[in-house]
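Shown next, in structure tokens, is the structure this report addresses.
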Amino acid sequence: MKKILLLVLACFMLISCGKKEVKQVSQESRMTIEAFALAETIKNAFIVKDNITLKKNSTDSGYRDITANTRLFDSVEITFTPRWVDIDKNQLHVNISWKSAWIVSGKSTAGRGMAVFVMEGTPLKVSKILRANPFVMPE
């Protein structure tokens with residue numbers, strides 16, 4: 001009798017504690033996720049030299065910042081590590097730590113830094129790149 005009572009009590013505890021409240025994702029979280037995805041999209045489009053995707057996901061001034069590299073390169077590897085997002089009324093400032101490895105005419109060059117991608121609009125578009133631009137080959 002005691003074993004059955006303990007078993008029923010244990011089942012009751014498992015059933016009552018089994019459900020968790022699902023929290024809704026905030027608007028700020030959705031915007032942050034979208035901003036990180038946009039930064040990755042821009043990076044991948046730059047690596048494969050896809051200017052159509054770059055233009056679609058940036059404003060005119062943002063496109064000029066992304067394509068500011070006037071030197072031609074054979075290949076590039078860029079890694080982004082998102083660090084921080086500041087959300088203003090109409091803009092997001094996405095702080096991204098980056099590392100790059102460029103190959104030009106068989107010669108390798110590396111760089112790293114911290115960039116701030118300014119994004120605005122709906123859907124988000126890159127409007128500026130502040131600080132160390134990851135898309136400009138280091139000298």
field: Which numbered condition Leu54 misses (of (1) over 11 Å from the mean Cα position of the chain (by Cα); (2) within 17 Å of Met119 (Cα to Cα); (3) surrounded by fewer than 14 Cβ atoms within 10 Å (Cβ to Cβ); (4) without any contact (Cβ under 8 Å) to a residue 60 or more places away in the chain)
entry: (3)
- line: Conditions (1) of a type in the set (Phe, Trp, Tyr); (2) touching a helix residue (DSSP H, G or I) at 6+ places or on another chain (Cβ under 7 Å); (3) free of Cβ contacts under 8 Å to residues at least 40 places away in the same chain -> Phe46 fails only (3)
query: Is it the case that Val94 is at pLDDT 90 or above, part of a strand (DSSP E or B), surrounded by 15 or more Cβ atoms within 10 Å (Cβ to Cβ) and touching a Ser or Thr at 6+ places or on another chain (Cβ under 7 Å)?
result: no
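Applying the selection to the range 86-115, what residues are among the β-branched types (Val, Ile, Thr) and under 15 Å from Glu40 (Cα atoms)? Explain how you work it out, then say what you get.
Going residue by residue through the range 86-115, those that are among the β-branched types (Val, Ile, Thr) are 87, 94, 96, 103-104, 109.
Result: Val94, Ile96.
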message: One residue is enough: does the range 51-63 have a residue meeting the conditions farther than 24 Å from Val85 by Cα, part of a helix (DSSP H, G or I) and at pLDDT below 85?
response: no
field: All positions within the range 97-139 that are among the polar types (S, T, N, Q) and either touching a helix residue (DSSP H, G or I) at 6+ places or on another chain (Cβ under 7 Å) or assigned to a strand (DSSP E or B) (or both)
entry: Ser97, Ser100, Ser108, Thr109, Ser127, Asn133
- request: Just name the residue that is farthest from Pro123 (Cα to Cα) out of those in the range 82-110 that are among the charged types (D, E, K, R) and in contact (Cβ under 8 Å) with a residue 12 or more places away in the chain.
  value: Lys99
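Give the residues of the range 69-81 that are among the polar types (S, T, N, Q) and either in contact (Cβ under 8 Å) with a residue 60 or more places away in the chain or in a loop (DSSP other than H, G, I, E, B) (or both), sorted by residue number.
Within the range 69-81, Asn69, Thr70 meet the criteria.
Residues are listed down the side, and each one gets a yes or a no for (1) surrounded by fewer than 17 Cβ atoms within 10 Å (Cβ to Cβ); (2) within 18 Å of Glu139 (Cβ to Cβ):
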site	(1), (2)
Ala39	no, no
Ile42	no, no
Lys49	yes, no
Ser58	no, no
Tyr63	no, no
Asp74	yes, yes
Trp98	no, yes
Trp102	no, yes
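The values are calculated or read from the model by the stated rules, or taken from the named source; none is laboratory data. Predicted model only: the values in this text are computed from it and were never measured. Note that each Cβ is placed from the backbone with ideal geometry, even for glycine, and that neighbours are counted across all protein chains shown.
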